[in-house]
Every structure is written in structure tokens, then in C-alpha cells.
Amino acid sequence: MSKNTPSNKEIMDAVPHIRRFAYSLTRNAADADDLVQSVVERILQNGTPEDVDLKKWMFRVCRNRWIDTLRASKVRQTAEPEIEEASAPSPSSEDVAGSRMMMNRVQSAIAALPDNYREVLTVVAVGGASYKEAASMLKVPIGTIMSRLGRARAMVAEEVGYHD
């Protein structure tokens with residue numbers, strides 16, 4: 001298989017998307033940054049297969065690196081890192097406070113999702129991927145993407161008390 005060497009600009013254009021995905025997986029800013037760095041290093045060292053979409057490939061590498069990290073941590077029996085909370089000034093209005101409380105509930109609900117549901121929700125809802133792109137990135141059928149996305153949204157809505 002021949003390799004393709006992407007330009008630094010192409011890589012940097014994909015990094016914000018990979019960073020959001022990495023954060024959704026790790027639930028920790030420092031670990032997400034480490035994961036993104038690992039992905040970029042891998043792409044710079046090894047390139048990508050010919051005729052592959054760079055962003056999709058980087059999502060795949062990111063997911064695989066994260067899974068490898070989880071497996072290694074289980075072997076070492078280390079605890080999963082705690083979620084870092086950004087310290088922000090206290091909101092002064094009730095509307096802002098209510099919105100922040102809801103955002104925290106939503107973030108907690110997403111963090112509590114099983115990994116396969118959180119991955120799909122992040123790739124589609126946060127990353128903006130189409131169902132077809134998500135299916136390609138995660139190597140599952142489109143129907144599975146649609147099903148997991150629907151279930152993930154329903155679980156988050158149930159957890160935060162949102163009812164139609």
C-alpha cells in the first residue's frame with residue numbers, strides 16, 4: 001500500500017475537529033491534547049494511505065489510539081482520569097445560571113453514555129459528520145449510526161428531563 005504525506009495545513013485544518021472528538025472520548029482537556037498530539041505525530045511519521053480522506057483517517061487513528069490507551073490503563077489497573085471543570089466566574093443573572101446548570105446536566109449525561117453511543121453523538125452532533133461519514137469513520141453500517149444516535153439523544157434527553 002503506498003502512502004500519502006498530507007501537508008501541514010491539511011493537518012492543522014483537521015485538528016480542531018479531532019480535538020473535539022478527543023475531548024469527548026477522554027473527558028479531560030490534557031488527555032485530549034495528548035491524544036491529538038499522538039494522532040498528529042502518527043500522521044507526520046507514517047503518512048496516510050493513498051486516496052483516503054485525511055480527516056476521516058485522523059478520526060480513525062484518534063479512536064484507535066484512545067482504545068489502545070484504555071486497554072493499557074485496564075492492564076495497569078489505573079483509574080480513569082476525573083473530568084476537569086473549567087473555572088468560570090459565577091453568572092450574575094438567573095438566565096445564565098439556569099443555562100449553565102442545563103449545560104452541566106447535558107455534559108454529564110453525554111459523559112455517562114456508553115462509549116459507542118458517545119462516539120456517534122460526538123462525530124455527528126459535535127463534529128458535524130454526515131451519517132455516511134460517521135459510518136465510514138467508525139466502521140459500522142449507516143443504520144447502526146442512526147440507531148445509536150437516536151438512542152444517545154433519547155438517553156441524554158431522559159437524563160436531563162427534557163420531554164417533547
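Summary table
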| item | result |
| --- | --- |
| For the range 94-160, average projected area of the Cα convex hull in nm² | 4.5 nm² |
| The range 33-44 - phi-based ³J(HN,Hα) in whole Hz, Karplus 6.51/-1.76/1.60, Gly and Pro as x | 4, 4, 5, 4, 4, 4, 5, 5, 4, 5, 5, 5 |
| Length added when fully stretched, residue 71-residue 157, from 0.36 nm per residue minus Cα-Cα | 27.9 nm |
| Segment residue 8-residue 99, length gained on full extension (0.36 nm per residue, minus Cα span) | 28.9 nm |
| Count of lysine pairs in the range 3-76 with Cα separation under 26 Å (8 or more residues apart, or interchain) | 4 |
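FYI, it's all coordinate maths here, none of it is from the lab. All values derive from a computational prediction rather than experimental measurement.
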